[in-house]
Amino acid sequence: MSHVSHERLTADLLRPLEQTSWRFYLLVAFLGSIVAMGLGTWMYQMYMGFGMTGINMPVYWAFYITNFVFWIGISHAGTLISAILRLVNAGWRRPVTRCAEVITAFALMIGAMFPIIHLGRPWLFFWLMPYPSQRLIWPNFRSPLVWDFFAISTYLTGSLLFLFLPMIPDFALIRDRATGIRRRIYGVLALGWRGTTKQWHRLETAMQIMAIAIIPVAVSVHTIVSFDFSMAPVPMWHSTMFGPYFVAGAIFSGIAGLIIAMASLRKFLHLEAYLHPVHFENLGKLLLMMSMLWAYFIFAERLTTWFGNDTGEMNVFYVTQRGSFSPLYWTMVVCNLVIPFTILALRWLRTIAGCVVASFSVCIGMWLERFLIVVPSLSHKYLTYSWGHYRPQPVEIMITIATFAAMTLLYTLFSKFVPIISIWELKAGDHPSAALYPAPMHEHKLGETHA
Amino acid sequence: MAHKWGMAIDQDRCTGCGACVTACHAENNIPTVGASQAARGRAMHWIRVERYWEGEFPDVKLKFRPVMCQQCDAAPCEPVCPTYASHHTAEGLNAQVYNRCIGTRYCANACPYNVRFFDFFNPEWPRPLDAQLNPDVSIREVGVMEKCTFCVQRITAGEIQAEAEKRGVKDGEIQPACAQSCSARAIVFGDLNDPESAVSRLARQERGTKLLEELGTLPKITYLAKQTQA
Amino acid sequence: MDRRDFIKLTAVTGTSAALASCGNPEHQLIRFVPDEDITPGIAEWKPSVCPICSAGCGVNVRVMDADVRTVRSGQAGVVRMNVAKKLEGLPTDPISRGGLCARGQAAIQITYHPDRLAQPMKRDGARGSGSFKPISWDEAIAELVSKLDALDDRKALAIVTRPHRGNRDALFAAFAQRVGAPAPIAYELFSDDVLRHANAASYGKAQLPTYDLAKARYVVSFGADFLGTWGSVVAQNAAFGDMRQARPGVRGKLVQVESRMTTTGASADEWVPVKPGTEGVLALALAGKHDIADAEKITGVPAKKIERIAKELADQKPAVAIVGGPALAHTNALFTATAVNELNKALGGELLGFASHNAQLSTLSAQPFAALADAKLLLVDEANPVYGAPKAWKVREALEKIPYIASFSRFVDDTTAYADLILPDHSFLESWTDAAPESGSLDAKPISAGPVMKPIHDTRATADVLIAVAGKLKTPVELPWKNGEELAKSSQPSTVDRRQANPAPPSAGRQPTEWTDPHFDGAASDYPMHFLPYASPAFGDGSTAHLPWLQELPDPLTSAMWSSWIEINPKTAEQMGIADGDLVDVTSSQGTLRVPAVVFPGIAPDIVAMPVGQGHEHYTRYASKRGANAASLLAPVTEPETGTLAWAATRVKIARAGDADGSLILFAGEKYEKPHDHETR
Amino acid sequence: MRWVVMAVALLAAACGSQGQVSDDVFTPAHRTIAAAARDYFNVRPAAQQPIPFPHKTHLAKGAECTDCHETVEKGPIAGIPSVKTCMVCHSQIATTKPLIKEVTAYSDKGIDIPWQRVYGFSQEAHVRFNHAPHIRAKVECATCHGDLKQMTVAERAVDHTMGFCVNCHRQKNAPNDCLTCHY
């Protein structure tokens, strides 16, 4: 069975760092301008007034909060998945983990922007942080929004660490190959890595700890995000299942995001030799499982609402099920269940292309799901006289688009400056530190071409 | 003894005339947002007179219900505010502190009564309309949440006056603009801690109900149901 | 005015009005020394009189200091002055008893209206264009005087006013009389003169009655929206509240008989829809003076119901019947009014009385504005006939022909737009004012009040202007009063019985209690629907449409703001495929209006109703060219004997004209409290 | 990171060309970016008085604060005296002094002296301060306004921060709820 030599491996994976094509600059320029437009739009919104959005009485949360939940959801791709895969030591994870963890870091940063963008007075956002002032006022620790603040900052720190640790040996590798300023920068990042056994030990231990620590954090983060809704006595919000429902949804959309990211890496960075159909197939199976889990949750939610027949909740139920929101609702069902299920349940469709199609559909579906959680409930609260409706306005749409551009931009830049696949982990099999691993059941060897 | 300001609204007296709405605008510097904003669901009425149709022609009935901030004792808007801009005072009012508000609008989502209003733009008064503005009430700027305050400026003024005269506040001495303006006397305001106050007596009537009582928000406004008579 | 017309910084907000040197122009303007003693931040309360309707509520004005832009000797600056801040009912006033309606409270915006005329104006554009240029008071008065002197025959001087405004009526009547002009034409769209005539016949009092509702156990109201727009609303609301809940164990019952549900109908215990114009028959039937079976045929009210109500009326004394509004806007109005008076007599009528107030009747003529045809000079005061009179009366055309028109209006409205000269009046808060309440309370007395604040513009009290003009004529004429203060204080009641001006006493010949069919304009075949215009709760006859608070005040029944609309029965709407907001063409013999529809459960399938108040050509930035004018559809049908306009006697046809265009702005989201109750599960 | 975003936002906003809000309209919006930034960072230039009013001199001559700031006991606002108040005395006293001549000139023109406020809260602070109760509570003027006996032109001797108010309210156990001042 064929085997990629370490030299070729290193060369392949460092190629993006060492040579730059005009396409790269073009892409960065394009994405950069969109992101710039997004920032400009936000400033315009601050300048003219929050009324530039489509927000109104009583729909006080809409696009921005939808995006917030969506991106925090996407962020669960990485850390959680890679952490789990690390702990169960699934060998096929190795080329996957880093792409995943990067998604987490960036998606979190973008998601965390939205609570600020959606503020009426963003320039005072720092009042969410506890800091001593002569006013002797602290944030209201009873408020889920303050919980969000802590949860997200913790998760961000954690996932950045979790991302950074396994990069150290690779930084060292680049350092050793590079010269001049690059050498110095990567030198700093490599934190004086020499690859001594002691250092390997420390690294592995640290990663084990982080892997274990990050999972409860990840779970708690999206649970707390769900608390933003379930803590308010709003019909169809005030639900005990929102925690697990949101976490499941997060992982669901997370995996979808990961698949899309990996596919594009594979294509644009020519990593066919490292990201194999089997990776997509495995992730596809995960996605299928999550899709069914999601379906279970939405079914449970809808059934209990309908059975409970509470007037307030039924108003929202009807408006989503067959009222003005029903087109969006059924699109969501199709995107989140029908399409991914049919594609992923059939082996002959569970190809890379198939997985990507399914993933795109899931991303759309999950965005809609968040929108359908936020808006219909707010526009149809208890007193029917005060019902309202919501139409997104250009500023919101522009800023939403910009965040997707931002994600792609950050990802592009990252893969430009850091090997997007962990070189040393691929080599790990033959690495001195391999002893540290329990023997994997079926280690899928590099270069093996899978049917 | 600390006051506990409360209100009773007699739906059997209310004729839906809307005097209270205008009175509130006049007293509390509530801006008129104009047709284009009103069309986008941004008209500000701290108090609104809800009307609900019942039945079909010719057996039609109609119900009026003035709704403003219910000044709940277990207010959903309070715990969710990250900055304490919305909080409970010693006298049981749901305070909305504009200068502390950063505009998360979470309070408005949590409020089951939809009585909280957001300043989507800076308000504008073509001169000299601004000469009418009440100097005892803040002019709220863009990005903050606002709502019925039970005319806290009148409450404060009344309490300061009473204190200056070294006496307690008399029942009926303090009246929010809506109660004052109501010619049918459908709105009665007073101290719920004083069992003999007009509002306490009304609140004890068997016609009395609380709006969305089942949500356990413990509103301080009692609605006296419209009586029916064949 | 869309707020996005302005570029505004909101990245960080809050003007430091309190702080100097914050770049706020407030501080670049010079400050004039105030002419009055000011205690900043302390409120004073001063009495005044509400000018909005003829009810004449006494109001309590909160006066406090504020900075006001002004110009002194050509220099722009600010001056701190004591200004009105809020209007409340005057607790000691027998009518308002401390309460005040929405329109009354919004009246304060008249004073501070951004489009209020700040000085005399002279026309500098085409008539009706509404373009004027400022001139000085001396020029203005001189010009009017010269025009008056130029008249070879004073009979060619016409005066158009609004009736029932206390001494202001006396002022214009006296002016007309002393300069030898015909008596002023006092016109209002929603006139109660039929009732005054009927009362003159039934009670010898040509006056609106005062109902002691607080004592009533049973009230039947025929068309009168006495809790919303008809009569002394504030007083009637107060009395109604007491009738309902002020007496332990006793709760008065209200039965509302009308064709379209009003706020009064909404507050009633029983709502009885009738065929338009047949209220009188029902009244007679209830009085036992008309065969009930026949009454059922005519009115469409089930005989059983009539019997029951008649019985309840007999049992639950004291009871009273009220009539007004659309019930008295038909060709058989005098019959209806008299019939209800008969019913009241049958009921004992101890709850019906008349305030100590002399009768006044408006012009009686099937064509009140006929006189304008040969007028050479016209004075207009607080009347807006171009807006409020049926097209067929050709007021607009008449105005175009009159060589010279002077108006005392504070705003450029539809009629004032035709004026050559505008002599803007003070606002009621800036001048002496008075009222002679005709009804509402038996202890109502004529009241007057002085100015509560100094004028903020270069305006003048119309009384002073008229007195000055009269004195400056070639052959000076003296009015009974030296100035506006004397006029307001003058005890001589506002009782110009204009019947001698235009004699047409209610004919005693025909027995007015005989049932006569109402006549409608437009054949039922071409115009299948009854058209029911009604006084808007916010704008009345349209005179307060320029006040932003009232424009944004949700209509009590439809929750509409900033809009005009037509109300259609749900079944009819369904048949025609009309939903809320869809555009509808409403066509009468007089023309067509395109208005958004409101599907309205409280109206009969063969009736459409439309509020009067919007649709002004000119009426400040808030009301100009907004919505449609219901009055423009009215046919010139009048009650034959009193000559008052039968404004509910027009038939129309309606057709769906298009999808919603956003011109209907509703505050409410839903009509029903439990919209899904009909869901079967 | 968020700080950076904010800084960028403010900067960019500050660079943007700034149309003035029409002066025919009263609005709490800042008229200029600069004003907005000053308010945000609580920068308050010291008041520049048209005439160096010598509090010292007047107090030395035995005048009381309340002689000129006469409404302070009655109501919420102490009030900057109108030139009328000055003329009560200075129509006779020291009429020949150059500064008094300036004052007289203002009075003759019927124009008030454009005093600039030394104290006062920004609109965004939403403070509803009432002097009278504080006077009744025997709070010395100097507690909040410094010892004017030592000042000619009044300067902001005491910074009226919320901390300053709250501390005093705590010590005197006066009401400390937000609604005491903010509504």
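Where a number appears in this text, it was derived from the coordinates with a stated rule and is not lab data. Predicted model, so just to flag it, every value in this text is computed and none were measured. Note that each Cβ is placed from the backbone with ideal geometry, even for glycine, and that neighbours are counted across all protein chains shown.
In this structure, the amide hydrogen of C:Ser221, modeled 1.01 Å from its nitrogen in the peptide plane, lies closer than 5 angstrom to those of C:Val255, C:Gln256, C:Val257, C:Ile322, counting only residues at least 5 positions away or on a different chain. Considering only beta bridges that DSSP places wholly inside the protein assembly as shown, some 65 percent are antiparallel.
On the basis of the beta-carbon distance and an R0 of 35 Å, C:Asp37 and D:Val153 show a calculated FRET efficiency of 0.85. Remark: mean inter-chain Cβ contacts per residue of C:33-44 equal 5, using a 10 Å Cβ-Cβ cutoff to other protein chain atoms.
One Cα centroid belongs to the stretch D:36-112, the other to the stretch C:181-226; the line between them spans 60 Å.
Please tell me which of these pairs span more than 24 angstrom C-alpha to C-alpha: C:Lys133/C:Lys394; C:Lys297/C:Lys671; D:Lys61/D:Lys97; C:Lys46/D:Lys138?
Values: C:Lys133/C:Lys394 28 Å; C:Lys297/C:Lys671 33 Å; D:Lys61/D:Lys97 16 Å; C:Lys46/D:Lys138 33 Å.
In this structure, C:Lys133/C:Lys394; C:Lys297/C:Lys671; C:Lys46/D:Lys138 exceed 24 Å between Cα atoms.
Going from the residue with the fewest nearby Cβ atoms within 10 Å to the one with the most, A:Phe360, B:Phe120 rank A:Phe360, B:Phe120. Two tests apply to each whole DSSP H helix in chain A, Cα reach of 20 Å or more along its axis and mean Kyte-Doolittle hydropathy of at least -0.5, and the ones passing both are A:22-48, A:97-117, A:144-164, A:197-230, A:242-268, A:277-308, A:352-379, A:394-417. Computed from label points 7 Å out along Cα-Cβ, the spacing between C:Thr92 and A:Arg177 is 9.7 nm.
On average, how many beta carbons from a partner chain sit within 10 Å of the beta carbon of a residue in D:33-44?
5
Note on the stretch B:100-130 and the stretch B:153-230: Cα centroid distance 25 Å, given to the nearest whole angstrom. Put the Cα centre of the stretch B:15-42 next to the Cα centre of the stretch A:316-355 and the gap is 44 Å.
Highest-first packing order for the peptide set C:559-572, C:576-589, D:41-54 is C:559-572, C:576-589, D:41-54, based on the mean count of other beta carbon atoms within 10 Å. In terms of packing, defined here as the mean over residues of other Cβ atoms within 10 angstrom, the peptides A:45-58, D:168-181 line up highest first as A:45-58, D:168-181.
So if R0 is 30 Å, what FRET efficiency would C:Asp374 and C:Lys454 give, r being the distance between their Cβ atoms, rounded to the nearest 0.05? Before the final figure, lay out each step's value.
On the way: r = 42 Å, r/R0 = 1.41.
It comes out at approximately 0.10.
Within 11 Å, Cβ to Cβ, of C:Ala142, how many net charges do the neighbouring residues add up to if Lys/Arg are +1 and Asp/Glu are -1?
Numbers: positive: C:Lys147, C:Lys472; negative: C:Asp138, C:Glu139, C:Glu143, C:Asp149.
Computed value for this residue: -2.
Paramagnetic label reach from C:Val71 (point 7 Å along Cα→Cβ; backbone nitrogen cut-off under 11 Å): within the stretch C:107-121, residues C:118-120. Other residues lying with their Cβ under 12 Å from the Cβ of A:Trp127 contribute a combined charge of +3, Lys and Arg counting +1, Asp and Glu -1. How far is helix C:193-203 tilted off the main Cα axis of chain C, in degrees rounded to 10, range 0 to 90? The two axes meet at around 60 degrees. DSSP assigns beta bridges within chain C; of those with both partners inside it, close to 55 percent run antiparallel. In this structure, the amide hydrogen of B:Cys148, modeled 1.01 Å from its nitrogen in the peptide plane, lies closer than 5 angstrom to those of B:Cys69, counting only residues at least 5 positions away or on a different chain.
In this structure, the pairs whose alpha-carbon distance is over 32 Å, taken from C:Lys311/C:Lys653; C:Lys85/C:Lys472; B:Lys61/B:Lys220, are C:Lys311/C:Lys653; C:Lys85/C:Lys472.
Take peptide C:237-246, look around each residue's Cβ out to 10 angstrom, count Cβ atoms belonging to other protein chains, and average those counts. Can you show the working numbers first?
Working: counts 10, 5, 2, 4, 10, 3, 2, 11, 11, 2.
Other-chain Cβ atoms within 10 Å of each residue's Cβ, averaged: 6.
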